[in-house]
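The next block holds one structure in the form of structure tokens; read it before the comments.
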């Protein structure tokens with residue numbers, strides 16, 4: 001071996017296999033993409049909120065076509081939020097319809113309808129009481145509907161609870 005000669009075989013420890021001779025790929029935390037599909041947590045939240053807004057628009061249009069009058073959307077109080085509040089004139093009485101909209105890209109984590117738990121139902125009832133106190137109109141009855149948007153398919157359960 002003279003000066004400037006390059007050995008033909010790579011230098012390795014005796015008994016070492018080729019898999020240990022691969023170059024290491026290092027990245028800094030700033031350049032590393034996090035999460036599913038290469039999106040950061042903030043980007044995933046933006047996508048999720050856009051899907052929720054789109055689903056609420058679809059369901060609101062569906063209820064308007066069925067003859068409901070939309071009173072409020074995304075009504076907030078300390079007890080919670082009501083996604084869609086509408087009224088329906090059923091003959092003599094006015095019915096207040098509270099619609100909870102659940103949107104999912106897929107049912108990988110279960111059906112959107114299953115995500116309305118007993119605790120969520122209690123929150124919706126408490127928020128509805130606050131809404132009725134703040135509203136000037138008198139309603140004959142209250143109905144709770146759950147609308148599921150799975151991909152582009154809409155499923156509505158009327159009088160869910």
Roughly what % of DSSP beta bridges within region 36-157 run antiparallel, to the nearest 5?
65 percent
Can you give me the three principal axis dimensions of region 36-157 from its C-alpha atoms, in Å, biggest first?
54, 31, 22
Rg and Dmax [Cα atoms of region 91-161; Å; Rg one decimal, Dmax integer]:
14.0, 44
Relative contact order of region 36-157: what whole-number percent is it, with Cα pairs under 8 angstrom and at least 6 residues apart?
25 percent
How would you order 89-97, 132-140 from highest to lowest mean count of nearby Cβ atoms within 10 Å?
89-97, 132-140
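Every number in this text was worked out from the coordinates using simple rules, so none of it is lab data. Bear in mind the structure is a predicted one, so any value in this text is a computation, not a measurement. Cβ sites come from the backbone with ideal geometry, for glycine too, and all protein chains shown count toward neighbours.
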